[in-house]
1. I'd like to compare 118-129, 41-52: which one has the highest average count of other Cβ atoms within 10 Å, and what's the full order after that?
2. Relative to the longest principal Cα axis of the chain, at what angle does helix 41-53 sit, 0 to 90 degrees, rounded to 10?
3. Answer with a single label: of (1) 51, 42, 35; (2) 52, 40, 31; (3) 79, 53, 29, which was calculated as Cα extents along the principal axes in Å from the structure in view?
4. State, to one decimal in nm, how far the label point of residue 191 lies from the label point of residue 15, with both points 7 Å from Cα in the Cβ direction.
5. Please label the shape of the stretch 1-59 as rounded, prolate or oblate, based on the square roots a ≥ b ≥ c of the eigenvalues of the alpha-carbon gyration tensor (a/c under 1.5 means rounded; beyond that, a/b larger than b/c means prolate, else oblate).
6. Given a 10 angstrom Cα cut-off, can you work out which residue in 207, 32, 187 is the most mobile in a GNM of the chain?
7. Starting from the Cα of residue 39, step 7 Å along the direction of its Cβ; do the same at residue 3; then give the gap between the two resulting points in nm.
8. Stick to Cα atoms and the Kirkwood definition of Rh, then tell me Rg/Rh for the stretch 1-141.
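All of the numbers you see were taken from the coordinates with simple rules; none came from a lab. Quick caveat: nothing in here was measured; it's all calculated off a predicted structure. Here Cβ is always computed from backbone atoms with ideal geometry, including for glycine, and neighbour counts include all displayed protein chains.
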């Protein structure tokens, strides 16, 4: 992961917030509470996301403290989040700047919350991690087990219905459309979920089941069901998925072209 200058990233977020307030005063309260009244990138993330997650069974103070502790104890999370924000801005034509996904895109928001849950899981705080997972699922319709391992530079586009199981792995620079499942095939325990290598593009509604590998730079067509390994830099589609040919780009995740020919 290339290091990101978080001070510069935070300054850009603040600048975008000021510009939006000047153009659209109706959003002044949201932008002040989320960005302009915050002292840091970590505090901005914490304020925005804990207030989306909180419900009658969750303490806002406890969630706030949990998020701030995660960002403080594992600052690489902030690097990962900044990398994700830049990825969304680069790859999603509906995204005008790095601030917009933090404010409005539940794909980015759910990934930030997952990263806090993954930190808790790795620290042995599994009960709280699973509770956070349930809040993420209820709030964003995204269900990522906190033990799953996800790299940075991830675009989770639209995000509704995305599922990743306990032993799933997603490497850096992957783009995933809505309703994708990285699931198991039965009740067997152990390493049972997909491994998605860097540069992969997963089309909407793709179901990848079992401990299969999606090779670097591969492309999976929308609605496909993948039950076996996909070689690097190939395109697959169908139920069950079959190889269509070579992927049109070295890193389909970056180009976001879903043409399989």
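1. On the way: 118-129: 16.7, 41-52: 20.2.
Order by mean packing, descending: 41-52, 118-129.
2. 80
3. For Cα extents along the principal axes in Å, the calculated option is (2).
4. 4.5
5. Details: a/c = 2.76, a/b = 1.14, b/c = 2.42.
Oblate, since a/c reaches 1.5 and b/c is not below a/b.
6. 187
7. 2.5
8. On the way: Rg = 14.7 Å, Rh = 15.4 Å.
Reported Rg/Rh (Cα atoms, Kirkwood Rh): 0.95.
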